[in-house]
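Engineer: Before I ask anything, here is the structure I am working with.
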Amino acid sequence: MSDIKKDFPILQNNKGIVYLDSTATAQKPSYVIDWIKKFLENDYSNIHRWAYSIAERSEDLYVKSKKKMAEFINAENWREIIYSHNSTYASNLLIWSLRRSWIFKRWDKVLLTIVEHHANIVPWLILKEEIWIEVDYIKVKEDFSLDFEDLEKKFDEKVRTLSITHVSNVTWEIFDVEKIWKIINEKTEIFRNSNENYKKPIFIVDGSQSVPSFKVDVQKIGCDAMFTTGHKFMANSGIGVLWGKQDLLDKLEPVFSWGGAIASVAKSCFKPAGLPDKFEPGTPNMTGAVSLLRALEYIENIWGYEKIQEIKKELENYALEKFAKYDKIKLIGSTNSANRVWVFSFTVDWIHSHDIADYLADYNICIRAWQHCAEPFMWELWINHSCRASLYIYNTKEDIDKLFEALEGAMEELG
Ligand SMILES: Cc1ncc(COP(=O)(O)O)c(C=O)c1O
(Lines give C-alpha, C1' and ligand atoms only; values in the text may rest on other atoms or scores of the structure.)
Protein backbone atom coordinates (compact mmCIF):
# COMPACT_ATOMS: atom_id res chain seq x y z
CA MET A 1 0.00 0.00 0.00
CA SER A 2 1.33 3.48 -0.82
CA ASP A 3 2.32 5.68 2.12
CA ILE A 4 -0.14 8.29 0.98
CA LYS A 5 -3.03 5.79 1.05
CA LYS A 6 -2.34 5.30 4.75
CA ASP A 7 -3.20 8.96 5.34
CA PHE A 8 -6.83 8.35 4.33
CA PRO A 9 -8.89 6.60 7.04
CA ILE A 10 -11.84 5.89 4.73
CA LEU A 11 -9.56 3.74 2.58
CA GLN A 12 -8.52 1.79 5.68
CA ASN A 13 -12.02 1.50 7.11
CA ASN A 14 -13.48 0.05 3.90
CA LYS A 15 -11.30 -2.96 3.31
CA GLY A 16 -10.49 -3.63 -0.33
CA ILE A 17 -12.17 -0.45 -1.62
CA VAL A 18 -10.86 0.88 -4.93
CA TYR A 19 -11.91 4.50 -4.92
CA LEU A 20 -11.88 5.88 -8.47
CA ASP A 21 -14.35 8.73 -8.08
CA SER A 22 -12.15 11.51 -6.71
CA THR A 23 -13.12 13.88 -9.43
CA ALA A 24 -16.68 13.79 -8.10
CA THR A 25 -15.28 14.32 -4.61
CA ALA A 26 -11.85 13.56 -3.18
CA GLN A 27 -11.36 11.65 0.08
CA LYS A 28 -10.03 13.45 3.16
CA PRO A 29 -6.70 12.75 4.86
CA SER A 30 -6.47 12.39 8.67
CA TYR A 31 -4.65 15.70 8.68
CA VAL A 32 -7.83 17.48 7.51
CA ILE A 33 -10.20 15.35 9.58
CA ASP A 34 -8.19 15.79 12.80
CA TRP A 35 -7.93 19.53 12.35
CA ILE A 36 -11.69 19.83 11.75
CA LYS A 37 -12.23 18.01 15.05
CA LYS A 38 -9.64 20.16 16.84
CA PHE A 39 -11.23 23.32 15.45
CA LEU A 40 -14.70 22.29 16.62
CA GLU A 41 -13.36 21.23 20.00
CA ASN A 42 -11.13 24.25 20.65
CA ASP A 43 -11.81 27.30 18.51
CA TYR A 44 -15.26 27.17 16.90
CA SER A 45 -17.33 30.34 17.15
CA ASN A 46 -19.05 32.83 14.85
CA ILE A 47 -16.71 35.26 13.13
CA HIS A 48 -16.98 38.99 12.32
CA ARG A 49 -18.76 39.98 15.56
CA TRP A 50 -16.18 38.99 18.10
CA ALA A 51 -14.67 40.27 21.31
CA TYR A 52 -13.88 36.97 23.01
CA SER A 53 -10.92 34.67 22.39
CA ILE A 54 -12.47 31.66 20.60
CA ALA A 55 -14.24 34.00 18.16
CA GLU A 56 -10.97 35.77 17.59
CA ARG A 57 -9.24 32.46 16.89
CA SER A 58 -12.03 31.41 14.49
CA GLU A 59 -11.69 34.71 12.64
CA ASP A 60 -7.91 34.30 12.44
CA LEU A 61 -8.27 30.82 10.97
CA TYR A 62 -10.87 32.01 8.47
CA VAL A 63 -8.54 34.75 7.22
CA LYS A 64 -5.55 32.38 7.30
CA SER A 65 -7.51 30.00 5.09
CA LYS A 66 -8.15 32.76 2.57
CA LYS A 67 -4.52 33.86 2.63
CA LYS A 68 -3.42 30.29 1.94
CA MET A 69 -5.96 29.94 -0.90
CA ALA A 70 -4.77 33.26 -2.36
CA GLU A 71 -1.17 32.02 -2.19
CA PHE A 72 -2.11 28.74 -3.90
CA ILE A 73 -3.68 30.39 -6.94
CA ASN A 74 -1.37 33.40 -6.83
CA ALA A 75 -4.11 35.95 -6.22
CA GLU A 76 -2.72 39.40 -5.59
CA ASN A 77 -4.68 39.94 -2.41
CA TRP A 78 -6.56 37.61 -0.03
CA ARG A 79 -9.51 39.99 -0.06
CA GLU A 80 -10.11 38.83 -3.63
CA ILE A 81 -11.00 35.38 -2.25
CA ILE A 82 -14.71 34.84 -1.63
CA TYR A 83 -16.00 31.70 -0.01
CA SER A 84 -19.21 30.12 -1.22
CA HIS A 85 -20.66 26.62 -0.91
CA ASN A 86 -19.11 25.03 -4.02
CA SER A 87 -18.31 25.86 -7.64
CA THR A 88 -21.95 25.87 -8.65
CA TYR A 89 -22.85 28.49 -6.03
CA ALA A 90 -19.69 30.45 -6.78
CA SER A 91 -20.48 30.65 -10.50
CA ASN A 92 -24.09 31.60 -9.79
CA LEU A 93 -22.95 34.24 -7.31
CA LEU A 94 -20.63 35.78 -9.89
CA ILE A 95 -23.01 35.57 -12.83
CA TRP A 96 -25.95 37.02 -10.89
CA SER A 97 -23.77 39.76 -9.44
CA LEU A 98 -22.68 40.66 -12.99
CA ARG A 99 -26.32 40.81 -13.99
CA ARG A 100 -27.28 42.95 -10.99
CA SER A 101 -24.41 45.32 -11.83
CA TRP A 102 -25.83 45.92 -15.34
CA ILE A 103 -22.78 44.45 -17.05
CA PHE A 104 -24.98 42.93 -19.75
CA LYS A 105 -27.43 44.45 -22.16
CA ARG A 106 -29.82 42.70 -24.53
CA TRP A 107 -28.09 40.66 -27.29
CA ASP A 108 -24.70 40.77 -25.59
CA LYS A 109 -22.97 37.49 -26.23
CA VAL A 110 -21.46 35.04 -23.76
CA LEU A 111 -19.00 32.52 -25.17
CA LEU A 112 -18.70 29.14 -23.47
CA THR A 113 -17.21 25.91 -24.76
CA ILE A 114 -19.30 22.93 -25.72
CA VAL A 115 -17.73 20.82 -22.96
CA GLU A 116 -18.79 23.03 -20.04
CA HIS A 117 -20.24 21.58 -16.86
CA HIS A 118 -23.87 22.56 -16.26
CA ALA A 119 -22.64 24.87 -13.46
CA ASN A 120 -21.19 27.06 -16.20
CA ILE A 121 -24.09 26.72 -18.64
CA VAL A 122 -27.39 26.87 -16.80
CA PRO A 123 -26.87 30.23 -15.00
CA TRP A 124 -26.12 31.77 -18.41
CA LEU A 125 -29.18 30.14 -19.95
CA ILE A 126 -31.28 31.63 -17.15
CA LEU A 127 -29.83 35.05 -17.99
CA LYS A 128 -30.67 34.37 -21.61
CA GLU A 129 -34.30 33.82 -20.61
CA GLU A 130 -34.31 36.84 -18.28
CA ILE A 131 -32.49 39.56 -20.17
CA TRP A 132 -32.08 38.12 -23.66
CA ILE A 133 -28.35 37.67 -23.87
CA GLU A 134 -26.97 35.29 -26.48
CA VAL A 135 -25.09 32.14 -25.44
CA ASP A 136 -22.77 30.50 -27.93
CA TYR A 137 -20.43 27.54 -27.66
CA ILE A 138 -16.88 27.16 -28.95
CA LYS A 139 -16.29 23.76 -30.49
CA VAL A 140 -13.56 21.29 -29.66
CA LYS A 141 -11.48 19.65 -32.39
CA GLU A 142 -11.33 15.94 -33.09
CA ASP A 143 -8.35 15.60 -30.76
CA PHE A 144 -10.49 17.30 -28.04
CA SER A 145 -8.36 20.44 -27.89
CA LEU A 146 -10.16 23.78 -28.07
CA ASP A 147 -10.94 24.87 -31.61
CA PHE A 148 -9.25 28.28 -31.67
CA GLU A 149 -10.43 28.94 -35.24
CA ASP A 150 -13.99 28.56 -34.05
CA LEU A 151 -13.22 30.87 -31.12
CA GLU A 152 -11.87 33.54 -33.50
CA LYS A 153 -14.91 33.12 -35.75
CA LYS A 154 -17.43 33.52 -32.93
CA PHE A 155 -15.57 36.31 -31.17
CA ASP A 156 -17.31 39.42 -32.46
CA GLU A 157 -17.94 42.84 -30.92
CA LYS A 158 -21.01 41.59 -29.11
CA VAL A 159 -18.99 39.23 -26.89
CA ARG A 160 -19.17 40.58 -23.35
CA THR A 161 -17.92 37.55 -21.45
CA LEU A 162 -16.01 34.34 -22.07
CA SER A 163 -16.58 31.71 -19.41
CA ILE A 164 -14.43 28.68 -20.04
CA THR A 165 -13.47 25.58 -18.16
CA HIS A 166 -9.76 25.08 -17.53
CA VAL A 167 -10.16 21.29 -17.69
CA SER A 168 -13.09 19.46 -19.29
CA ASN A 169 -14.83 17.10 -16.89
CA VAL A 170 -15.63 14.72 -19.77
CA THR A 171 -12.52 14.63 -21.96
CA TRP A 172 -10.11 15.80 -19.20
CA GLU A 173 -8.35 17.99 -21.73
CA ILE A 174 -6.50 21.00 -20.30
CA PHE A 175 -7.44 24.10 -22.30
CA ASP A 176 -4.86 26.72 -23.13
CA VAL A 177 -6.49 29.51 -21.13
CA GLU A 178 -3.46 31.80 -21.45
CA LYS A 179 -3.88 31.73 -25.21
CA ILE A 180 -7.55 32.67 -24.80
CA TRP A 181 -6.48 35.70 -22.74
CA LYS A 182 -4.06 36.69 -25.51
CA ILE A 183 -6.84 36.51 -28.09
CA ILE A 184 -9.13 38.60 -25.86
CA ASN A 185 -6.44 41.30 -25.73
CA GLU A 186 -5.84 41.20 -29.49
CA LYS A 187 -9.56 41.41 -30.26
CA THR A 188 -9.98 44.28 -27.80
CA GLU A 189 -7.32 46.27 -29.61
CA ILE A 190 -8.91 45.59 -33.00
CA PHE A 191 -12.46 46.45 -31.88
CA ARG A 192 -11.31 49.58 -30.05
CA ASN A 193 -9.84 50.90 -33.30
CA SER A 194 -13.33 51.09 -34.77
CA ASN A 195 -15.25 51.76 -31.55
CA GLU A 196 -13.55 53.63 -28.74
CA ASN A 197 -16.35 52.72 -26.33
CA TYR A 198 -15.73 49.00 -26.82
CA LYS A 199 -15.44 47.27 -23.45
CA LYS A 200 -12.98 44.43 -23.01
CA PRO A 201 -14.88 41.19 -22.31
CA ILE A 202 -14.72 39.62 -18.87
CA PHE A 203 -12.82 36.34 -18.81
CA ILE A 204 -14.01 33.74 -16.29
CA VAL A 205 -12.28 30.39 -15.75
CA ASP A 206 -13.91 27.33 -14.20
CA GLY A 207 -11.06 25.89 -12.12
CA SER A 208 -13.07 23.05 -10.54
CA GLN A 209 -10.98 20.33 -12.17
CA SER A 210 -7.66 22.14 -12.54
CA VAL A 211 -6.94 23.37 -8.99
CA PRO A 212 -7.07 19.79 -7.57
CA SER A 213 -4.45 18.58 -10.05
CA PHE A 214 -1.94 21.25 -10.91
CA LYS A 215 -0.73 24.72 -10.02
CA VAL A 216 -3.18 27.32 -11.26
CA ASP A 217 -1.78 30.83 -11.40
CA VAL A 218 -4.59 33.30 -12.01
CA GLN A 219 -2.20 36.18 -12.67
CA LYS A 220 -0.31 34.17 -15.26
CA ILE A 221 -3.56 33.18 -16.96
CA GLY A 222 -4.68 36.81 -16.89
CA CYS A 223 -8.36 35.98 -16.30
CA ASP A 224 -10.71 38.29 -14.40
CA ALA A 225 -12.37 35.65 -12.25
CA MET A 226 -12.06 31.96 -11.42
CA PHE A 227 -14.13 29.58 -9.33
CA THR A 228 -13.30 26.22 -7.80
CA THR A 229 -14.61 23.82 -5.18
CA GLY A 230 -12.79 22.66 -2.03
CA HIS A 231 -14.17 19.12 -1.74
CA LYS A 232 -12.36 18.11 -4.94
CA PHE A 233 -9.00 18.88 -3.34
CA MET A 234 -9.63 17.19 -0.02
CA ALA A 235 -11.39 19.92 1.98
CA ASN A 236 -14.79 19.11 3.42
CA SER A 237 -17.80 19.56 1.14
CA GLY A 238 -19.66 22.88 1.40
CA ILE A 239 -16.80 25.27 0.70
CA GLY A 240 -16.30 26.79 -2.75
CA VAL A 241 -14.02 29.57 -3.89
CA LEU A 242 -14.72 32.55 -6.09
CA TRP A 243 -11.69 34.63 -6.95
CA GLY A 244 -11.94 37.88 -8.88
CA LYS A 245 -9.60 40.75 -9.67
CA GLN A 246 -10.20 43.44 -7.11
CA ASP A 247 -11.19 46.09 -9.66
CA LEU A 248 -13.91 43.77 -11.03
CA LEU A 249 -15.18 42.75 -7.58
CA ASP A 250 -15.19 46.38 -6.40
CA LYS A 251 -17.47 47.27 -9.30
CA LEU A 252 -19.95 44.46 -8.67
CA GLU A 253 -23.17 44.75 -6.71
CA PRO A 254 -23.65 41.58 -4.68
CA VAL A 255 -26.75 39.65 -5.56
CA PHE A 256 -27.41 38.39 -2.03
CA SER A 257 -27.06 40.84 0.79
CA TRP A 258 -27.68 40.47 4.46
CA GLY A 259 -25.81 39.46 7.62
CA GLY A 260 -22.09 40.21 7.37
CA ALA A 261 -22.47 41.36 3.77
CA ILE A 262 -24.06 44.63 4.88
CA ALA A 263 -22.34 47.80 6.13
CA SER A 264 -25.56 49.53 7.23
CA VAL A 265 -29.32 49.20 6.88
CA ALA A 266 -32.00 51.90 7.17
CA LYS A 267 -35.76 51.41 6.72
CA SER A 268 -35.62 52.24 3.05
CA CYS A 269 -32.07 51.50 1.94
CA PHE A 270 -28.88 49.62 2.74
CA LYS A 271 -25.16 49.81 2.04
CA PRO A 272 -23.18 46.67 1.16
CA ALA A 273 -20.03 45.87 3.14
CA GLY A 274 -16.57 46.05 1.52
CA LEU A 275 -14.59 43.23 -0.03
CA PRO A 276 -14.80 40.29 0.43
CA ASP A 277 -17.62 40.40 3.00
CA LYS A 278 -20.17 41.91 0.61
CA PHE A 279 -20.29 38.57 -1.22
CA GLU A 280 -20.62 36.40 1.89
CA PRO A 281 -24.08 36.87 3.38
CA GLY A 282 -24.95 35.23 6.68
CA THR A 283 -22.80 33.02 8.87
CA PRO A 284 -20.04 31.57 6.70
CA ASN A 285 -18.88 27.97 6.66
CA MET A 286 -16.08 28.43 9.21
CA THR A 287 -15.44 24.70 9.52
CA GLY A 288 -15.27 24.41 5.74
CA ALA A 289 -12.76 27.25 5.58
CA VAL A 290 -10.58 25.55 8.18
CA SER A 291 -10.83 22.26 6.29
CA LEU A 292 -9.74 24.07 3.13
CA LEU A 293 -6.75 25.60 4.93
CA ARG A 294 -5.73 22.17 6.21
CA ALA A 295 -6.23 20.53 2.80
CA LEU A 296 -3.91 23.07 1.22
CA GLU A 297 -1.39 22.53 4.03
CA TYR A 298 -1.66 18.80 3.41
CA ILE A 299 -0.82 19.32 -0.27
CA GLU A 300 2.22 21.35 0.84
CA ASN A 301 3.19 18.65 3.32
CA ILE A 302 3.38 16.00 0.60
CA TRP A 303 5.65 18.29 -1.46
CA GLY A 304 2.92 20.15 -3.24
CA TYR A 305 1.86 19.98 -6.85
CA GLU A 306 5.28 18.60 -7.87
CA LYS A 307 4.49 15.43 -5.95
CA ILE A 308 0.95 15.31 -7.37
CA GLN A 309 2.39 15.61 -10.88
CA GLU A 310 4.94 12.90 -10.17
CA ILE A 311 2.25 10.45 -9.01
CA LYS A 312 0.03 11.53 -11.89
CA LYS A 313 2.67 10.81 -14.50
CA GLU A 314 3.33 7.33 -13.23
CA LEU A 315 -0.29 6.26 -12.76
CA GLU A 316 -1.68 7.97 -15.82
CA ASN A 317 0.81 6.40 -18.21
CA TYR A 318 0.14 3.02 -16.63
CA ALA A 319 -3.61 3.46 -17.08
CA LEU A 320 -3.26 4.75 -20.65
CA GLU A 321 -1.22 1.67 -21.58
CA LYS A 322 -4.02 -0.50 -20.20
CA PHE A 323 -6.71 1.38 -22.11
CA ALA A 324 -4.70 0.91 -25.32
CA LYS A 325 -4.86 -2.89 -24.88
CA TYR A 326 -8.65 -3.19 -25.17
CA ASP A 327 -10.44 -2.53 -28.48
CA LYS A 328 -13.82 -2.54 -26.83
CA ILE A 329 -12.95 0.04 -24.18
CA LYS A 330 -13.03 3.42 -25.86
CA LEU A 331 -11.49 6.41 -24.19
CA ILE A 332 -13.23 9.75 -24.67
CA GLY A 333 -10.29 12.11 -24.71
CA SER A 334 -6.76 12.43 -25.88
CA THR A 335 -3.98 10.05 -24.86
CA ASN A 336 -1.42 12.85 -24.73
CA SER A 337 -0.69 13.02 -21.02
CA ALA A 338 0.81 16.52 -21.28
CA ASN A 339 -2.60 17.95 -22.17
CA ARG A 340 -4.84 16.01 -19.83
CA VAL A 341 -5.46 15.30 -16.17
CA TRP A 342 -5.62 11.81 -14.71
CA VAL A 343 -9.24 10.95 -15.22
CA PHE A 344 -10.70 8.66 -17.85
CA SER A 345 -14.12 8.78 -19.42
CA PHE A 346 -14.82 5.67 -21.44
CA THR A 347 -17.40 3.41 -22.97
CA VAL A 348 -17.24 -0.39 -22.78
CA ASP A 349 -18.49 -2.17 -25.86
CA TRP A 350 -22.24 -1.46 -26.11
CA ILE A 351 -22.80 -2.05 -22.41
CA HIS A 352 -24.73 0.65 -20.56
CA SER A 353 -22.50 2.77 -18.28
CA HIS A 354 -24.85 2.14 -15.32
CA ASP A 355 -24.49 -1.63 -15.79
CA ILE A 356 -20.70 -1.30 -15.79
CA ALA A 357 -20.75 0.88 -12.66
CA ASP A 358 -23.10 -1.61 -10.93
CA TYR A 359 -20.92 -4.55 -11.92
CA LEU A 360 -17.77 -2.82 -10.62
CA ALA A 361 -19.54 -1.85 -7.40
CA ASP A 362 -19.93 -5.58 -6.64
CA TYR A 363 -16.12 -5.72 -6.61
CA ASN A 364 -15.90 -2.65 -4.35
CA ILE A 365 -14.67 -0.51 -7.24
CA CYS A 366 -16.16 2.99 -7.19
CA ILE A 367 -16.55 4.74 -10.52
CA ARG A 368 -19.14 7.17 -11.89
CA ALA A 369 -21.48 6.70 -14.82
CA TRP A 370 -23.90 8.72 -16.96
CA GLN A 371 -23.57 12.27 -18.32
CA HIS A 372 -21.21 13.98 -15.86
CA CYS A 373 -23.32 17.16 -15.81
CA ALA A 374 -22.20 17.93 -19.35
CA GLU A 375 -25.28 16.94 -21.30
CA PRO A 376 -24.83 19.25 -24.33
CA PHE A 377 -21.39 17.77 -25.01
CA MET A 378 -22.52 14.18 -24.47
CA TRP A 379 -25.21 14.73 -27.11
CA GLU A 380 -22.67 16.33 -29.41
CA LEU A 381 -20.57 13.16 -29.13
CA TRP A 382 -23.62 11.01 -29.92
CA ILE A 383 -22.85 8.73 -27.01
CA ASN A 384 -25.21 10.21 -24.42
CA HIS A 385 -23.44 8.64 -21.44
CA SER A 386 -20.15 7.08 -20.32
CA CYS A 387 -18.21 5.57 -17.44
CA ARG A 388 -15.63 7.66 -15.62
CA ALA A 389 -12.71 6.50 -13.47
CA SER A 390 -10.61 9.12 -11.74
CA LEU A 391 -7.26 8.79 -10.07
CA TYR A 392 -5.90 10.86 -7.24
CA ILE A 393 -2.85 10.91 -5.00
CA TYR A 394 -3.92 7.88 -2.93
CA ASN A 395 -4.44 5.54 -5.90
CA THR A 396 -1.95 2.88 -6.92
CA LYS A 397 -1.14 0.71 -9.93
CA GLU A 398 -2.87 -2.11 -8.07
CA ASP A 399 -6.12 -0.09 -8.14
CA ILE A 400 -5.78 0.27 -11.90
CA ASP A 401 -5.14 -3.47 -12.27
CA LYS A 402 -8.28 -4.23 -10.27
CA LEU A 403 -10.31 -1.88 -12.46
CA PHE A 404 -9.24 -3.61 -15.66
CA GLU A 405 -9.63 -7.08 -14.22
CA ALA A 406 -13.22 -6.22 -13.32
CA LEU A 407 -13.82 -4.58 -16.70
CA GLU A 408 -12.70 -7.80 -18.38
CA GLY A 409 -15.25 -9.67 -16.28
CA ALA A 410 -17.95 -7.17 -17.18
CA MET A 411 -17.24 -7.56 -20.90
CA GLU A 412 -17.42 -11.30 -20.58
CA GLU A 413 -20.60 -11.40 -18.51
CA LEU A 414 -22.52 -8.40 -19.83
CA GLY A 415 -21.18 -7.99 -23.37
C1 LIG B 1 -15.77 21.40 -14.50
C2 LIG B 1 -16.70 21.46 -13.31
N3 LIG B 1 -17.30 22.61 -13.01
C4 LIG B 1 -18.13 22.73 -11.96
C5 LIG B 1 -18.42 21.64 -11.15
C6 LIG B 1 -19.37 21.79 -10.01
O7 LIG B 1 -18.74 21.57 -8.79
P8 LIG B 1 -19.60 21.51 -7.45
O9 LIG B 1 -20.54 20.33 -7.62
O10 LIG B 1 -18.65 21.32 -6.35
O11 LIG B 1 -20.37 22.78 -7.39
C12 LIG B 1 -17.83 20.40 -11.44
C13 LIG B 1 -18.14 19.20 -10.63
O14 LIG B 1 -17.90 18.09 -10.99
C15 LIG B 1 -16.94 20.31 -12.55
O16 LIG B 1 -16.36 19.16 -12.87
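Engineer: For H352 and Y198 in the same chain, what is the full-extension length gain: residue separation times 0.36 nm, less their Cα-Cα distance, in nm?
Structural biologist: Result: 50.5 nm gained on full extension.
Engineer: What is the calculated FRET efficiency for S268 to D60, with r their C-beta to C-beta distance and R₀ = 51 Å, to the nearest 0.05? Present the calculation step by step, with values, prior to reporting the outcome.
Structural biologist: Details: r = 37 Å, r/R0 = 0.72.
Rounded to the nearest 0.05, the efficiency is 0.90.
Engineer: Need the list of aspartates and glutamates near K328 for cross-linking: C-alpha distance under 13 angstrom, and skip anything on the same chain fewer than eight residues off.
Structural biologist: Filter leaves D349, E408, E412.
Engineer: Please list, in chain and number order, the residues 5+ apart from T229 or on another chain whose amide H is under 5 Å from its amide H, with Hs placed from the backbone.
Structural biologist: Here the answer is V241, since their amide H atoms fall under 5 Å of that of T229.
Engineer: With each pseudo-label sitting 7 Å past Cα toward Cβ, what's the D156-H118 distance in nm, one decimal?
Structural biologist: Distance between label points: 3.1 nm.
Engineer: To the nearest µm²/s, what D does Stokes-Einstein give for the chain at 20 °C and 1.002 mPa s, using the Kirkwood radius over alpha carbon pairs as Rh?
Structural biologist: 95
Engineer: Shifting gears a bit: With each pseudo-label sitting 7 Å past Cα toward Cβ, what's the S337-E129 distance in nm, one decimal?
Structural biologist: In this crude spin-label approximation the distance works out to 4.5 nm.
Engineer: Still on this structure: Say each of K141 and S53 gets a label point 7 Å from the Cα, pointing the same way as Cα to Cβ; how far apart are those two points in nm?
Structural biologist: Modelled inter-label distance: 6.2 nm.
Engineer: A further question on this structure: If you place +1 on the Cβ of every Lys and Arg and -1 on the Cβ of every Asp and Glu, how big does the dipole about the Cα centre of the chain come out, in debye to the nearest 20?
Structural biologist: 1400
Engineer: Find the all-direction average of the projected area of the Cα convex hull for the stretch 310-378, expressing the result in square nanometres with one decimal place. Present the calculation step by step, with values, prior to reporting the outcome.
Structural biologist: Details: hull surface 21.8 nm².
Here the figure is 5.5 nm², rounded to one decimal.
Engineer: I've got another one for you. How much FRET efficiency would the formula 1/(1 + (r/R0)^6) give for N13 and E297, where r is the Cβ-Cβ distance and R0 is 30 Å, rounded to 0.05?
Structural biologist: 0.85
Engineer: Rolling a 1.4 angstrom probe over the protein chains, ignoring ligands and nucleic acids, what is the accessible area of T188 in square angstrom, nearest 10?
Structural biologist: Per-residue accessible area (T188): approximately 10 Å².
Engineer: Using Cα centres only, tell me the gap between the stretch 348-411 and the stretch 21-36 in whole Å.
Structural biologist: Cα centroid to Cα centroid, the span is 22 Å.
Engineer: What is the dipole size for the stretch 144-246, taken about its Cα centre, with +1 at each Lys and Arg Cβ and -1 at each Asp and Glu Cβ, in debye to the nearest 20?
Structural biologist: With Lys and Arg at +1 and Asp and Glu at -1, about 340 debye.
Engineer: Using the crude model of +1 on Lys and Arg Cβ and -1 on Asp and Glu Cβ, and no other charge, please compute the dipole size for the stretch 1-98 relative to its Cα centre, in debye to 20.
Structural biologist: Around 160 debye, computed over the stretch 1-98.
Engineer: I would also like to ask the following. Using r as the Cβ-Cβ distance of T188 and W370, and R0 as 45 Å, what FRET efficiency do you calculate, to the nearest 0.05?
Structural biologist: Efficiency, rounded to the nearest 0.05: 0.70.
Engineer: Between E306 and R100, what is 0.36 nm times their sequence separation minus the Cα-Cα distance? Round to one decimal in nm.
Structural biologist: Answer, rounded to one decimal: 70.1 nm.
Engineer: Shifting gears a bit: From the Cα gyration tensor of the stretch 148-244, with a ≥ b ≥ c the square roots of its eigenvalues, which class applies: rounded if a/c is under 1.5, or else prolate if a/b is larger than b/c, or else oblate?
Structural biologist: prolate
Engineer: Considering only protein heavy atoms and a probe of 1.4 Å, how much of the accessible area of the chain is carbon and sulfur, as a whole percent?
Structural biologist: Within the chain, the accessible surface is 50 percent carbon and sulfur.
Engineer: Say the cut-off is 30 Å between C-alpha atoms; which of K153/K322; K28/K109; K67/K312 go over it?
Structural biologist: Result: K153/K322; K28/K109 exceed 30 Å.
Engineer: Excluding ligands, DNA and RNA, what is the solvent-accessible area per residue of the chain at a probe of 1.4 Å, expressed in Å²?
Structural biologist: 45
Engineer: Please list, in order along the stretch 223-231, the HN-Hα scalar couplings obtained from phi with the Karplus expression 6.51 cos²θ - 1.76 cosθ + 1.60 (θ = phi - 60°), rounded to whole Hz, x for Gly and Pro.
Structural biologist: With coefficients 6.51, -1.76 and 1.60, one gets 5, 8, 8, 8, 10, 8, 9, x, 5 Hz.
Engineer: Of the options V218, I299, S65, report the single residue whose Cα projects farthest towards the positive end of the charge dipole of the stretch 33-300 (beta-carbon charges: Lys, Arg +1; Asp, Glu -1).
Structural biologist: The residue sitting most towards the positive pole is S65.
Engineer: Using 0.36 nm times the number of residues separating E149 and D176, minus their current alpha carbon distance, what extension gain do you get? List each step's numbers first, then the result.
Structural biologist: Details: separation 27, 0.36 × 27 = 9.72 nm, distance 1.35 nm.
So the chain would gain 8.4 nm between E149 and D176.
Engineer: Pick out, from S145, F279, Q209, the residue whose Cα sits farthest towards the positive end of the charge dipole of the stretch 33-300, with +1 on the Cβ of Lys and Arg and -1 on the Cβ of Asp and Glu.
Structural biologist: In the stretch 33-300, that residue is F279.
Engineer: To continue, here is another question. Putting +1 on Lys and Arg Cβ atoms and -1 on Asp and Glu Cβ atoms, find which of N384, G259, I10 reaches farthest to the positive end of the dipole of the chain.
Structural biologist: G259
The values are calculated or read from the model by the stated rules, or taken from the named source; none is laboratory data. Keep in mind it's a predicted model, so treat the numbers as computed, not measured. Reconstructed Cβ throughout: ideal geometry from the backbone, glycine too, with neighbour counts over all protein chains shown. For the accessible areas, the whole protein counts, side chains as well, though only heavy atoms, and no ligand, DNA or RNA atoms are used. Shrake-Rupley method; radii C 1.70, N 1.55, O 1.52, S 1.80 Å.
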